[in-house]
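Presented below is the structure to which this report refers.
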Amino acid sequence: FFLPTANTQSSSRLKGLLASSSHLLEAVYVVHMLLAAALTSTSAAAHMPSFLRNNDVQNVLPVAPADYPAALQGMLWLDQTGAFGESSIPAGVSAPDLAISMGDTDYHRFDPATRTVSVSILGRAWQWQNTREGMSFFREAESTFSHYDFVFSDDFESCQIYPHLKLPFGLTFRVPTAAVSFTMTLQHPAAGACPPRANSSTAEVVRCAKWRRDSRVLQLIPGLSKALGDFVYYAYEIVDNERQPIEPYFSAYLEWADANSRPDALVAAAEGFDTSRSLDGADGLQGGTSFVGDGAAAESSTWSASAQLAWRWIRDGATEDWWWEHVGWGHGGSGGGRPA
């Protein structure tokens, strides 16, 4: 079996336990708990995406519940390439996604105590381009990426976004901001400035976006991070929480989404996409379409108590005295030391 942060020292400890008759019962118990954790972890089975028409996104993506804060409501178009406004993300680096929402309550509900909502990029609330790049990116992300935590400030004026990577046993790893920092800042355009006029400059257009998205990398190396600079793009609210399109942002989204719908039957077959699987009658082999994931349940962010206890025992030396102090012989024992 696999041990988290497995190393030679820990493996040797366990081998020693298995070879020692005096610790055989403890060793068997540890193996049982760790195997149980592995067998009950999140399955790595492939997600089954479904297709939709780009002009039907307002009816397909889930909207946030009415009791969510206003900042979390509606549907956002992630204009990473600056198709409508502007973006400093280098060409070829942006992800092949389209619109998102915070409404996938089957995956996770907003937690008012921590002001956090988790959104899966493989779920119903994250829309992907129907292209070779979109399908390949989705499948690659499936094996390594879990979700984003959107953690909002007290006043919901800003948000720190934490990527979570997948680990064995159904665990996830929150990427620290020292490595990558994704933030959103709520914008407040001047009265009468929005929607932008047809002849508006890009600077005037981006002021009408709901959120400004900033990305910084490798802040643990200040000189390098400063040299690389910030990467900025804008997220526009294209649909309100009543599922009504918001113009001119919706039309700009639709133009971009349709221009980046290039169905490929061979790639779809190779990546395991069923192009007949649809949420609104869309044909995944026709233009003007996109796809979303199947909305699988969230991965666990922690081990079971038993698995954590077993790993701590091995990590801390796997001694009989430790076991008596923390557990006792029975599963769920209260410890308290070896009986007289």
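The values are calculated or read from the model by the stated rules, or taken from the named source; none is laboratory data. Since we're looking at a predicted model, the values are computed, not measured. Here the Cβ is made from the backbone with ideal geometry for all residues, glycine too, and neighbour counts use every protein chain on show. What goes into the accessible areas is simple: the full protein's heavy atoms, side chains included, and nothing from ligands, DNA or RNA. Shrake-Rupley method; radii C 1.70, N 1.55, O 1.52, S 1.80 Å.
Annotation note: of Ser143, Ser153, the sole residue that is out of contact with any helix residue (DSSP H, G or I) (no Cβ under 6 Å at 6 or more places or on another chain) and at pLDDT below 95 is Ser143.
Within segment 126-148, the set of residues being open to solvent by 10 Å² or more (accessible area, probe 1.4 Å), in contact with a Ser or Thr (Cβ under 8 Å, 6 or more places away or on another chain) and among the hydroxyl-bearing types (Ser, Thr, Tyr) comprises just one member, Tyr148. Considering (1) touching a helix residue (DSSP H, G or I) at 6+ places or on another chain (Cβ under 8 Å); (2) crowded, with 19+ Cβ neighbours inside 10 Å; (3) in a strand (DSSP E or B), the lone condition that Arg212 does not fulfil carries the number (2).
When Phe169 is tested against (1) over 19 Å from Phe250 (Cβ atoms); (2) open to solvent by less than 50 Å² (accessible area, probe 1.4 Å); (3) of a type in the set (Phe, Trp, Tyr); (4) modelled with pLDDT of 90 or more, only condition (4) is not met. Every test in (1) open to solvent by 70 Å² or more (accessible area, probe 1.4 Å); (2) under 24 Å from the mean Cα position of the chain (by Cα); (3) over 27 Å from Gly85 (Cβ atoms); (4) at pLDDT 95 or above is passed by Ser276 save one, and that test is (2). Taking segment 65-84 as the range and being over 30 Å from Leu285 (Cα atoms) and either touching a residue at least 12 places away in the same chain (Cβ under 8 Å) or of a type in the set (Ser, Thr, Tyr) (or both) as the test, the residues that pass are Pro65, Ala66, Tyr68, Pro69, Ala70, Ala71, Leu72, Gln73. Restricting attention to segment 219-249 and to residues that are open to solvent by less than 70 Å² (accessible area, probe 1.4 Å) and among the small types (Gly, Ala, Ser), the residue that is farthest from the chain's Cα centre (by Cα) turns out to be Gly223. Considering segment 203-241, the residues that are acidic (Asp, Glu) and touching a residue at least 12 places away in the same chain (Cβ under 8 Å) include one that is farthest from Tyr68 (Cα to Cα), namely Asp230. Identification of strands (runs of 3 or more DSSP E) wholly contained in segment 93-163 with 3 or more residues that are under 23 Å from Phe231 (Cβ atoms) and of a type outside the set (Val, Ile, Thr) yields 97-101, 126-129, 145-152.
Filter segment 184-202 down to the residues that are in contact (Cβ under 8 Å) with a residue 60 or more places away in the chain and either under 26 Å from Val117 (Cβ atoms) or open to solvent by less than 60 Å² (accessible area, probe 1.4 Å) (or both) and list them by number. Working first, answer last.
Step one: of segment 184-202, the residues in contact (Cβ under 8 Å) with a residue 60 or more places away in the chain are 186, 202.
Scanning segment 184-202 gives a single hit, Leu186.
Looking at Ser153, Ser158, Ser181, Ser88, which is the one that is in contact (Cβ under 8 Å) with a residue 60 or more places away in the chain and polar (S, T, N, Q)? Among Ser153, Ser158, Ser181, Ser88, only Ser88 is in contact (Cβ under 8 Å) with a residue 60 or more places away in the chain and polar (S, T, N, Q).
If I filter segment 206-214 for residues that are farther than 21 Å from Ile89 by Cβ and either modelled with pLDDT under 95 or not small (Gly, Ala, Ser) (or both), do I get at least one hit? Taking every residue of segment 206-214 in turn, none turns out to be farther than 21 Å from Ile89 by Cβ and either modelled with pLDDT under 95 or not small (Gly, Ala, Ser) (or both). Residues in segment 164-185 that are β-branched (Val, Ile, Thr) and outside any strand (DSSP E or B): Val175, Thr177. On the stretch given as segment 57-75, residues that are open to solvent by less than 10 Å² (accessible area, probe 1.4 Å) and either closer than 22 Å to Val205 by Cβ or in contact with an Asp or Glu (Cβ under 6 Å, 6 or more places away or on another chain) (or both) total 3.
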